[in-house]
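S.K.: The structure is given below, and queries will be raised subsequently.
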Amino acid sequence: MRARRRLGIAAVSAIAAIACGSAPVATPEARPASPAATAPDASAPTPAPPDAAPPALDPPPPPPSTAIAAEVAAARLLGTAAVPAACATDPSPIACMLDQAFAADPRAAALARALYTETGDVAGPGDAEIMDGGYRGRIQLVPALPIRGDRQHLAWVLAAARDFDGFFAGIDAALPAVTTARRYRWRDLDVRFIRSVGKHTPSAFALPWTFSYNVQGSLLTSEAAVRETLFHEIFHMNDAAHGAWSGAALRADYDAIVQRCGTTRAAIPCLTPYAPGFTKVRGGTYYAFQPNNGDPVHEFAAELALRYYVEQRQMLHAGKLARPAFKCGPPENARAWTALVDEFFGGRDLVPPCP
Ligand SMILES: [Zn+2]
């Protein structure tokens, strides 16, 4: 969530948190067979050419595109199996279909088009479904195109997507000597807007290269909160694409912390040094340690990634951190931080070494 740093603990604890663990983000076998979902990410090893191969005469093939296919966008935006004839010959069929889908609100259409042309993200309505929200219970979700009264949400998503581009470019500019590949994707996403009926959770949840955004979500009330919620969700997608990395890499320390502290509300003081985020579940504990929320180590990892985003962003914008660096806490924190930074972000860390 994020971005409740100015609120006190009592206020924070009243905020229900993101439903992520209840979404099948960590089950790659559940991915739909869409190009957006199956596009290999940068973590896929490139097979080495055999030694005996003659020198290549042709240029190497371009990297696989992660862009969303026009047919996928047609189904999402217009409910049609094929791209409509009016858009099929357009230089940008998806932009054309966005114009059609958002025709009732030209200002929203302009936002959706900007989001697509700048980042490859395709915004549209999500699916009607009954979701098992874990500790939140069952939740009815209905499609919600972000127009008119909901247009602000689309504007916040666009602002977040632009921020992420600037964020990674800023880190690269600040660390020009680091050439290690960053194995992290934040563009070319399917953005599905939904509305929860009678509830304000989940605020968002992740599927492979897809995030669902609840226009009724209790967390999604400002540009900063949307930015941070999206970063958390996009990390889930990357974690899943890395073979549910956090389940293996972070679990030993995570389980030991939970064993030592527990996960009740009374455990909050014990958990505080290890909590990468500040979001708490109402009546529960830190979101990173909340039980009955899918595999909680994935939530810990997403909160850790969010902490990476928050701290790097503060270093970029202010040149210093607003609170002590997470990695400079207990040894478990340093281990988790280094593992995450190396796995996803090419080792790039603007936070100074610990004293
Ligand atoms: Zn999550």
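Just so you know, all these numbers are worked out from the coordinates, no wet-lab data involved. What you are looking at is a predicted structure, and each value in this text was computed from that prediction instead of being measured. Methodologically, a virtual Cβ is constructed for each residue, glycine included, from the backbone with ideal geometry; neighbour enumeration extends over all protein chains shown.
S.K.: Hey, can you grab everything whose amide H is under 5 Å from the amide H of T221? Only 5+ residues off in sequence or another chain; H modelled, so Pro and N-termini drop out.
M.R.: V226
S.K.: Next question, about the same structure. What FRET efficiency, computed as 1/(1 + (r/R0)^6) with R0 = 30 Å and r the Cβ-Cβ distance, is obtained for A82 and V197, rounded to the nearest 0.05?
M.R.: 0.40
S.K.: While we're looking at this one, here's another question. Would you kindly derive the ³J(HN,Hα) couplings of the range 78-84 from the backbone phi angles with the Karplus curve 6.51 cos²θ - 1.76 cosθ + 1.60 (θ = phi - 60°), listing them in order in whole Hz, with x for Gly and Pro?
M.R.: Going residue by residue, I get 10, x, 10, 6, 10, 5, x Hz, with x marking Gly and Pro.
S.K.: Between T264 and E118, how many nm apart are label points set 7 Å from Cα along the C-beta direction?
M.R.: With each label point 7 Å from Cα toward Cβ, the separation is 4.8 nm.
S.K.: Continuing with this model, one more query. Can you compute the label reach from T180? Point 7 Å from Cα along the Cβ direction, backbone N cut-off under 12 Å, restricted to the range 307-344.
M.R.: The answer is 338-344.
S.K.: Same structure again: Pop out the ³J(HN,Hα) list for the range 87-93 in order, Karplus 6.51 cos²θ - 1.76 cosθ + 1.60 with θ = phi - 60°, rounded to Hz; leave Gly and Pro as x.
M.R.: With coefficients 6.51, -1.76 and 1.60, one gets 9, 4, 9, 6, x, 10, x Hz.
S.K.: Another question, then. Most exposed first by the Cβ proxy, i.e. fewest other Cβ within 10 Å, how do L154, L271 rank? Intermediate results must be reported in sequence, preceding the final value.
M.R.: Details: L154 27, L271 20.
Least to most surrounded, the residues fall as L271, L154.
S.K.: Moving to a separate point now. Each residue of the range 177-191 in turn: what ³J(HN,Hα) in whole Hz from Karplus with 6.51, -1.76, 1.60 and θ = phi - 60°, glycine and Pro shown as x?
M.R.: 7, 8, 10, 4, 5, 8, 9, 8, 10, 9, 10, 6, 10, 8, 10
S.K.: Right, something else. Using Cα centres only, tell me the gap between the range 63-132 and the range 327-350 in whole Å.
M.R.: For the range 63-132 versus the range 327-350, the Cα centre distance is 37 Å.
S.K.: Length gain on complete extension for the stretch A334 to T221, per 0.36 nm per residue less the alpha carbon to alpha carbon distance? Spell out each step's value before the answer.
M.R.: Numbers: separation 113, 0.36 × 113 = 40.68 nm, distance 3.21 nm.
Full extension of this stretch gives 37.5 nm more.
S.K.: Please give, to one decimal in nm, the separation of the simple spin-label points placed at A128 and V142, each 7 Å out from Cα toward the Cβ.
M.R.: 0.8
S.K.: Most exposed first by the Cβ proxy, i.e. fewest other Cβ within 10 Å, how do F193, F289 rank?
M.R.: Listed from fewest to most nearby Cβ atoms, that is F193, F289.
S.K.: Follow-up. Between R323 and R107, what is 0.36 nm times their sequence separation minus the Cα-Cα distance? Round to one decimal in nm.
M.R.: Taking R323 through R107 to full extension adds about 73.9 nm, to one decimal.
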